[in-house]
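Structure first, commentary second.
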Amino acid sequence: MTSTMPVVVRTVADLRARVAGYRAAGERIALVPTMGALHAGHVSLVEAAKAEAARVVVSIFVNPTQFAPTEDFSKYPRTFEADLEKLSEVGAEVVYAPTVDVMYPQGFATSITLTGPAAAGLDDIARPHHFGGVATIVAKLFTQCGPDLAIFGEKDFQQLAVVRRMAVDLDLGVDVRGAPTIREADGLAMSSRNVYLSAEDRAKAPLLHQVMQAAASAIRAGGAIETARIDGAMASGRQAITAAGFSLDYLECRAADDLGAPRSGAPLRLLVAARIGATRLIDNIAV
Ligand code: AMP
């Protein structure tokens, strides 16, 4: 295991110079976009990237345009030095940590309009501007870095679908890959926002995963996918989540590829978002 600290670059020109050097040496480059406050979930993405590419660039940028004014942008956890330590252990070569001015130059006036998976009626309902902000920043990261591939967590399943669609639609030339969700021992999906949970809410949080597991086995039981069985599993799942004191945004069963209604033969995905205390948790699993 290497423990060399990654090189930190803060401008597009410096990033491109680094990447050009790697390209000149014929090396493949993977990008792992993050907002920092890194945990084992992020580290697993970097490991997946290392398995695919000689050089891994990790971006750390808390993107203001994907937060609503009521959300946690200013108090989002920022742990840059600890992040660098974790990335040194896993062997990421470059950390790209631009300032807001680099990403949004004076007069910035361009945005990406999304339909399809970005309008699936899931996180887009509670966070109507979120995916526009994500798509804009990811498109910029892709064009700034020019990686061969980029790795995103299945933890943010709708985001992964949006980015995949965008990369194809805009010919961004980046192979978008998903990587599995890393969980705590009790099943809670790791998230930088878990630090907000009170001890009491932390104890309740694994319920979301448990409910999805129960719903997935209820849907699978009996073989062929039937709408009535899906509806029944969703109704009892929603009831269990609400009864435990969560404020439920959604629990849905969707086609895994485009996040539309379940189709026969299409892999299915369960997706949930719920608030407990002041914290909003999201998670999903395959059926
Ligand atoms: P974030 O810093 O929360 O924007 O996440 C950066 C990347 O890490 C995204 O692609 C996330 O989907 C991914 N990620 C976040 N949590 C996890 C997790 N528990 N397991 C795997 N990937 C994750």
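The values are calculated or read from the model by the stated rules, or taken from the named source; none is laboratory data. Just so it is clear, the structure is predicted and the values come from calculations on it, not from any experiment. Every residue, glycine as well, gets a Cβ built from its backbone with ideal geometry; the counts of neighbours run over all protein chains shown. Ligands, DNA and RNA are excluded from the accessible area calculation, which covers all protein heavy atoms including side chains. Shrake-Rupley method; radii C 1.70, N 1.55, O 1.52, S 1.80 Å.
Residues of segment 214-258 with the amide nitrogen closer than 12 Å to a label point 7 Å from the Cα of SER264, along Cα-to-Cβ, please. Under cut-off, by backbone N: 224-227.
Ignoring any ligand, DNA or RNA, what whole percent of the accessible area of the chain comes from carbon and sulfur when the probe is 1.4 angstrom?
On the way: 7070 of 12970 Å².
Exposed carbon and sulfur together represent 55 percent of the surface.
GLU200 contributes an accessible area of around 130 Å² to the protein surface, as traced by a 1.4 Å probe with all chains present. The overall shape of segment 7-179, judged from the alpha-carbon gyration tensor, is rounded, with an a/c ratio under 1.5. Scalar couplings 3J(HN,Hα) for segment 92-106, obtained by applying the Karplus form with A = 6.51, B = -1.76, C = 1.60 to θ = phi - 60°, are 6, 7, 10, 10, 9, 10, x, 7, 4, 5, 5, 7, 10, x, 2 Hz; x denotes Gly and Pro.
Pairs of Cα atoms nearer than 8 Å and 6+ residues apart set the relative contact order; for the chain it is 17 percent.
Here the Karplus relation 6.51 cos²θ - 1.76 cosθ + 1.60, evaluated at θ = phi - 60°, turns the backbone of segment 242-250 into coupling constants of 5, 4, 7, x, 7, 9, 8, 7, 6 Hz, with x for every Gly and Pro.
Cα gyration tensor of segment 124-279, axes a ≥ b ≥ c as square roots of the eigenvalues: rounded (a/c below 1.5), prolate (a/b > b/c) or oblate? It comes out oblate by the Cα gyration axes.
Rolling a 1.4 angstrom probe over the protein heavy atoms, how many square angstrom per residue are accessible across the chain? Please list the in-between numbers first.
Values: 12970 Å² over 287 residues.
I get 45 Å² per residue for this part.
Computed on segment 192-286, with alpha-carbon pairs under 8 angstrom and 6+ residues apart, the relative contact order is 27 percent.
Amide H contacts of PHE61 (H built 1.01 Å from N, in plane; Pro and chain starts excluded): THR34, MET35, GLY36 sit under 5 Å, all sequence-distant by 5 or more or on other chains.
Sequence gap of 8 or more, or different chains, plus Cα separation below 21 Å: how many lysine pairs satisfy both in the chain?
On the way: LYS50/LYS86; LYS50/LYS155; LYS86/LYS155; LYS155/LYS204.
Taking the chain as the scope, the lysine pair count is 4.
Here's the picture: a label point sits 7 Å out from the Cα of ALA199 along the beta-carbon direction, and within segment 267-285 the residues with their amide nitrogen under 20 Å of it are 276-279.
Whole-Hz Karplus values for segment 200-205 come out as 5, 5, 4, 5, 7, 4 Hz, taken residue by residue from phi with 6.51 cos²θ - 1.76 cosθ + 1.60 and θ = phi - 60°; glycine and proline positions read x. Between the C-alpha center of segment 1-76 and that of segment 247-287 there is a gap of 27 Å. Once both labels are positioned 7 Å from their Cα atoms along Cα-to-Cβ, the gap between HIS129 and GLN210 label points is 3.8 nm.
Kindly work out what percent of the DSSP beta bridges joining two residues of the chain are antiparallel, to the nearest 5. Before the final figure, lay out the partial values.
Working: 17 of 36 bridges.
Bridges in the chain are about 45 percent antiparallel.
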